[in-house]
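Heads up: the structure comes next, in structure tokens.
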Amino acid sequence: MNATPLPPSSPTPTLDEGCSPALPDGILALILDFDGTLADTTANQEQSLRAALQPYGLDLDTDWYRLYFGLSIHDLLAALPGARYLPHDEIISRSRAHLLAHMHTIVPIACSVALLHAARDAGLPCAVASAASRVLVRPGIEALGLGPHFEAVVTREDTARGKPAPDLFLEAARRIGVPPERCLAVEDAPDGIASAIAAGMHVLRVVDGHLAPAGDRGEDTAGLPSGSGPMPGGCALGRAAVRRSLAPVPAPSTAHSDRRRPTRRRSQGA
């Protein structure tokens, strides 16, 4: 497969930005989350919800939001003091409209984008597996100039269960025709990491904008909020570092084959 040429609006992050991504042998595809993995969208989501609540005279406390921002907007409104009897559907609609109007301001996460470019340069199919809504994920991908790089975009409307169930990652692998065990997943939140591991994929996690091993069994992800302290080695993804973090993957013999609630989780969008 020939890699898609890079669009002018999406320059490849350079080594000077702290990333030297390399893909482990035997990996046939890359599947990435969107919010918090490809794009830093937390501030936009907070601002959009605050703007949507203002007509009802309810303010959004930043400390409260940062404690609960991992919940979907539906669960946020259910938990937000003073919001129980407000028109949730209307607030969600207002929040989404604000997000879409400011989508051009979202910031890419350089290490993840660099890994995406490395995968495309290697001719690997790439996909997005996001628990957020399609009406937000697809415009976000286009705002980053990354649309041509993805063969599939799977969002919460596409599966019966969201993360931490494996469904979203499994569906992404199915659509690009690659066995899950040959996929490298990139995530930032504990539920997303658990989802990818449950799907049988190798996993890297985003921590403070860097990429780090998630652990073969996810034991080091339990209760880990997005944005926890830096991991040793930052996002240097040299082959030696990746091979230490991933179980060996034998070379393929054939072509590509065709609720709990934690205290804090990365936002899954509106």
*Would you please name the chymotrypsin sites (Phe, Trp or Tyr not before Pro) within segment 60-165 that are DSSP coil residues with at most 14 other C-beta atoms within 10 Å of their C-beta?*
Tyr85
*Go through segment 121-194 and name the trypsin sites (Lys or Arg not before Pro) that are in a DSSP coil and have 14 or fewer other Cβ atoms within 10 Å of their Cβ.*
Arg161
*Going by average Cβ neighbours within 10 Å, how do the peptides 140-146, 90-96 rank, with the highest at the top?*
140-146, 90-96
*Rounded, prolate or oblate: which fits segment 122-186, taking a ≥ b ≥ c as square roots of the Cα gyration tensor eigenvalues, rounded meaning a/c under 1.5, else prolate when a/b beats b/c?*
oblate
*Highest-first arrangement of 45-53, 198-206, where packing means the average Cβ count within 10 Å*: 198-206, 45-53
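Each reported figure results from applying straightforward, stated rules to the coordinates on display, with no laboratory input. Please read these numbers as outputs of a predicted model, since none were measured by experiment. Every residue, glycine among them, receives a Cβ derived from its backbone with ideal geometry; neighbour counts consider all protein chains shown.
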